[in-house]
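Some notes on the structure that comes next.
The values are calculated or read from the model by the stated rules, or taken from the named source; none is laboratory data. Since the structure is predicted, the reported quantities are computational estimates derived from the model, not experimental observations. Please note that ligands, DNA and RNA were not included when accessible areas were found on the heavy atoms of the full protein model with its side chains. Shrake-Rupley method; radii C 1.70, N 1.55, O 1.52, S 1.80 Å.
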Amino acid sequence: MATLFYEPSTRTRLSFESAMIRLGGSVISTENASEFSSAVKGETLEDTIRIVHSYADVIVLRHFSKGASEIASKISAVPIVNAGDGAGEHPTQALLDLFTICENKNINGLKIAMVGDLKFGRTIHSLLKLLSLYKDVEVKLVAPNLLGLPSSLKLELSQKGLHLEESENLKDSLFRSDVLYMTRVQKERFTSEKEYKKYFGKYILTKELARKMKKDAIIMHPLPRVNEIAPEVDKDPRAFYFMQAKNGLFVRMALLSWIFHKS
Ligand code: NCD
């Protein structure tokens with residue numbers, strides 16, 4: 001497996017690498033491909049893929065441009081796994097998120113609140129697409145007006161029958177939710193620091209706010225967190241985000257073994 005990462009990562013890259021090693025495979029890796037690969041010399045993603053696909057049986061790609069994995073998959077002779085493409089998608093995170101939800105809650109009739117940067121948050125985009133495959137899932141989208149879910153995605157999801165409701169208020173969204181999915185403001189997608197600061201810290205789950213949640217709700221976050229969940233919440237038995245990250249290993253092991261048994 002080659003991990004080709006043009007953007008920072010801790011969980012995604014290391015869990016993919018650990019998954020491959022645990023399955024008995026091996027790994028070649030470029031963790032900062034924007035600086036340490038031939039991209040610095042001006043090589044295109046297309047050319048890089050034309051080379052790397054001769055060195056590995058699967059390529060796990062994280063890139064800063066939306067659609068990069070799709071482009072790579074048209075060129076590559078080996079499977080490409082999208083490990084995040086800019087503000088586009090993060091499908092393997094969605095799989096591990098869904099796994100975490102299904103392990104702990106009944107997906108039918110689920111009420112989930114998704115909070116934070118829904119415009120640029122790729123984990124949100126992909127998880128919503130998975131949730132739209134189920135009946136009776138109710139989603140509360142909690143974001144500042146200008147960081148709301150892209151309207152094209154909203155339309156696509158509504159057409160699939162997903163029940164979406166929008167709000168700017170975190171407090172009001174806590175009482176009824178079975179899952180609270182927090183996300184950080186995606187700093188790297190903003191063109192100015194000033195613009196980013198307008199939203200930074202808008203939604204913070206504190207111990208006091210967590211008291212308003214259902215007793216059997218679960219709190220999720222794809223991580224990394226900046227300040228969206230106060231560290232004091234970590235001790236709450238409803239805090240599932242570290243378990244969620246651990247599930248990434250198992251889900252990625254399953255995905256890799258599926259890829260190799262299929263091909
Ligand atoms: C997410 C990502 O990269 O999109 N992180 C992850 O893979 N767990 C979320 C984020 O960076 O905010």
Worksheet item: Counting only protein chains, not ligands or nucleic acids, how are 156, 103, 208 ordered by accessible area (probe 1.4 Å), most first?
Response: 103, 208, 156
Worksheet entry | Computed [θ] at 222 nm, deg cm²/dmol, the chain (DSSP H ≥ 4; -39,500 (n - 2.57); rounded to nearest 500) | -11000 deg cm²/dmol
Worksheet item: Which of 161, 121, 88 moves most in a GNM of the chain, Cα contacts under 10 Å?
Response: 161
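Among the listed pairs 66/171; 135/198; 154/202; 105/198, give every one whose C-alpha distance is greater than 28 Å.
Values: 66/171 32 Å; 135/198 36 Å; 154/202 22 Å; 105/198 35 Å.
Pairs exceeding the cut-off: 66/171; 135/198; 105/198.
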Worksheet entry | With DNA, RNA and ligands ignored, accessible area of residue 57 (1.4 Å probe; Å², nearest 10) | 110 Å²
Practice prompt. Quick one: pull the percent of accessible area on the chain belonging to carbon and sulfur, 1.4 Å probe, ligands and nucleic acids left out.
Written response: 54 percent
Practice prompt. Would you list the P(r) distribution for region 145-249, with all Cα-Cα distances sorted into 10 Å bins from 0 and each bin expressed as a whole %?
Written response: 13, 39, 37, 11, 0
Discussion item. Rg and Dmax in Å for region 94-138, alpha carbons only: what are they?
Written reply: 10.3, 28
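Which value in Å is the Kirkwood Rh of region 57-118 over different Cα pairs? All intermediate terms of the calculation are to be shown ahead of the outcome.
Values: mean 1/r = 0.0745 Å⁻¹.
Taking every pair of different Cα atoms in region 57-118, averaging 1/r and inverting gives 13.4 Å.
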Worksheet item: Excluding same-chain residues fewer than 8 positions from residue 262, which aspartates and glutamates have a Cα within less than 13 Å of its Cα?
Response: 57
Discussion item. Check which residues have an amide H placed less than 5 Å from residue 138's amide H, if you skip close sequence neighbours.
Written reply: 110, 111, 112
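Would you please calculate the Kirkwood hydrodynamic radius of the chain over all C-alpha pairs and express it in Å, rounded to one decimal? Display every interim value, and only then the final one.
Numbers: mean 1/r = 0.0522 Å⁻¹.
Evaluated over the chain, this radius sits at 19.2 Å.
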Response to the item:
The answer for the per residue Cα convex hull volume of region 200-263, in Å³, is 112 Å³
